[in-house]
Every structure is written in structure tokens, then in C-alpha cells.
Amino acid sequence: MLETHVAFTPGPVHVRADVLAAMARPPLPHRSDAFRAVVRRVQSGLAQMLATRAPVIPVLCSATTAFEIALAAVARRRVLALVNGSFGRRWADMAPALGFATERLEFAPGEPVDPDAVGRALAAGGFDAVAFVHSETSTGALSDLAAVAAACRARGAALVADAVSSLGALAIDFDSLGPDAVLVGSTGKGIACPPGMAVLAVGPGAAARARESTFPSHALRLETLLSHHAKGETPQTPATSLFHALDVQLAHLLAEGMAAREARHREMAALAGAWAEERFAVLPRPGFRSPAVTVIENTRALDVPRLLAAVERRGFRIADGHGPLSGATFRIGHLGDVTPSELARLLPALDEAIAEVS
């Protein structure tokens, strides 16, 4: 039975019927010319989405795994981890686990990363890489990617940027971030494909760092991904079904255009934010709210699991808060191909669900 709920979670997101149908195609041999043609179309579509000529690599793994691949490739000794939520904390935990000396620069949950504070921390010296979250999915805070990238460039630090909930939702000019940047995303959120594939955009300086890296890795090595990308291949046997799905969805995404796609996401964020401010409170302050997800403070002490179940009975899905914010917040993800008109149907259903569980 096909899913009948409209997903307003931060992921997995709603997937078009023709994208799902593409996954039923018979597997192609992954070293065949026919499959290389699919891979090259996907590579080209991803690069168009980011307005870049740099390699943009589809990787059969989670975004967490892709972030580890990138950080291991470009860091050498010291990492500055920027933390303003659960996912920034994840990267701050990852860096020392990989053997890098790590310093955390922390901001209150819901606050954006302050680029000036990043610049001051980098000026204190010794950092060769920065781990950063663009759109913090746990708090709904959107930080200034361009300004953080500029601070990194000024001090010669590589930037590994988590764009997991902003890629495909916001227009990102990857080349403007500088040569030592790596952008990490996922296809199962703003791009609106089934989960299971990550995306790595790699600047030329970051690619050079990857080629010179002595980090002990084999299957999860950025240099290997880059060399196979140049041949229109994947290093190992991929899930061909996910490539077929992404091939179809990128055509839809590019037909809409990233400017229009961002405008649609911002319209939905404004609708969800206005609804939430009348009834609760929105965690990030105005001006720093992600167009991808609205994080609502549970000021009425609702039983969030009961609320989610009541919403689901009405044909929609929303999400609990993430990590330490579970129960204290709930989240409306407006990501991918959902529309303002569908969101306008969710909000009165949410009012009914709130009345039911209050």
C-alpha cells in the first residue's frame, strides 16, 4: 500500500510518484556505458544545482559518513568545531574520534554561528579545518555560510560545511565559498529523493588536500571518490535504484530552478513561523530562521508523541524535537517538493490535533 500521509518532517521527505517508480527499473551493470550515462547526468545535475564546475559527487552513504570522509581528507592536526545544535555537536564529537585536536566554539541552541567569533577563534591560530552547520536541523537556525567561509579563507582553513537540510532548498553558490571548501548534503531532504545517498561538493584546494592526505582509509577515501567521479563511475557497486531516482528528480528540480525553489521554501517558512508565533514560540529569532524547518517551542507543555500521533491520524506527519530538545520542541519540516497550499492544509489539522491533546 502506498504512503498516503503528507510528510512535513525534516526528512525523509515526500517523494514524487515518478521518482519512486524509477527505482523499480532493472539494475544496470555498474561498469556499463548505459549506467555511466546515468551517473554523468546525475553529476551534471548536482553541479548545476550548485552553480559550479567543481566535482559534485553522489555517494552511497549517510550524510554523517560523507562528513567523516570530507573531514578526514582535509583536516591535518586541529579542527575548530562550530556548535549551535545537535548536528554541530555531532561533528565536534567526530573530529577527536578521528584523531584531530578539536576546539569547540559554542553558541546557544537556536542562535546562529557568529562569523566574527569564528574569525577571532581562527586568528588565535593553528586550525587547519572548520566543521560547520549551515542549517541546523535540530534548532531551525540558519547561519551565514558565505561569511563563515570568508573567515575560513582569511586564515587558510578548510571548511567542511553541513548543508544537509539546506541543499536543494536554498540556492548555494558553491564556488564563492572558496577553493578549500567541501559541502556535505543528502538527497533525502531538500532534493526530495528517497534516503540513502549523500552529496559531496569539493573545491579544488580541498581536492588537493585530499590527494595529499595520509589519513588511514580505503573504501571511504575522498581521493578515490574524486578519481572515479572523473570517469563517471562509483568506486564500488552502487544502489543503482537510487541513481535512477535522483536522475529523474534532478530534472524536476532544475526545471523549477533554485531561485524559485528557495522562494517557495521561504514562503512556507513564513507561513509556519506566523502560525507558530500566534500559538507557541519559534526557537530561532527572526532573521535567522531556516527556510527548511521551523522549530517550535512547546510552551504549552503538550505531550509531543500524542500530538504527532493526532497529526498523523489527520493525514500529515511532523517531527518531535531532536536530541536534548525532544519534547521541549516539535518541528515542521517544509522541505523538498511540498507546497504552500499543502502546508496551508496542515496548519488547521495541527490546530485540531492540539485541541485533541490539550
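The values are calculated or read from the model by the stated rules, or taken from the named source; none is laboratory data. Just so we're clear, the structure is a prediction, and the values are computed from it rather than from any experiment. Cβ atoms come from the backbone with ideal geometry, glycine included; neighbour counts cover every protein chain shown.
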Point to revise | Whichever residue in segment 272-287 is surrounded by fewer than 18 Cβ atoms within 10 Å (Cβ to Cβ) and touching a residue at least 40 places away in the same chain (Cβ under 8 Å) and, among such residues, is nearest to Ser165 (Cα to Cα) | key: Arg285
Exercise for review: Any residue in segment 161-180 that's under 17 Å from Leu142 (Cβ atoms) and assigned by TED's automatic domain parsing to the domain that holds Val59: show its pairings with residues that are at pLDDT 95 or above and acidic (Asp, Glu) at Cβ separation under 9 Å, as long as the two are six or more apart or on different chains.
Suggested key: Asp162/Glu136; Ser165/Glu136; Ala169/Glu262; Leu170/Glu262; Ala171/Glu262
Point to revise | Matching option when the condition is in contact (Cβ under 8 Å) with a residue 60 or more places away in the chain, touching a strand residue (DSSP E or B) at 6+ places or on another chain (Cβ under 9 Å), acidic (Asp, Glu) and not assigned by TED's automatic domain parsing to the domain that holds Leu246, among Glu342, Glu312 | key: Glu342
Exercise for review: Only residues that are part of a loop (DSSP other than H, G, I, E, B) and surrounded by fewer than 20 Cβ atoms within 10 Å (Cβ to Cβ): list them for segment 328-350, please.
Suggested key: Ala328, Thr339
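Conditions (1) surrounded by 14 or more Cβ atoms within 10 Å (Cβ to Cβ); (2) modelled with pLDDT of 95 or more; (3) assigned to a helix (DSSP H, G or I), marked per residue:
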{"residue": "Arg36", "(1), (2), (3)": "yes, yes, yes"}
{"residue": "Val39", "(1), (2), (3)": "yes, yes, yes"}
{"residue": "Leu71", "(1), (2), (3)": "yes, yes, yes"}
{"residue": "Leu80", "(1), (2), (3)": "yes, yes, no"}
{"residue": "Leu105", "(1), (2), (3)": "yes, yes, no"}
{"residue": "Val113", "(1), (2), (3)": "yes, yes, no"}
{"residue": "Arg120", "(1), (2), (3)": "no, yes, yes"}
Exercise for review: Scan segment 297-327 residue by residue and report those that are within 23 Å of Val338 (Cα to Cα) and either aromatic (Phe, Trp, Tyr) or in contact with a helix residue (DSSP H, G or I) (Cβ under 6 Å, 6 or more places away or on another chain) (or both).
Suggested key: Leu307, Ala310, Val311, Arg314, Phe316, Ile318, Asp320, His322
Check your understanding: Out of curiosity, is Leu183 aliphatic (A, V, I, L, M) and under 18 Å from Gln48 (Cβ atoms)?
Key -> yes
Exercise for review: Answer yes if at least one residue in segment 293-306 is part of a helix (DSSP H, G or I) and without any contact (Cβ under 8 Å) to a residue 40 or more places away in the chain, and no otherwise.
Suggested key: yes
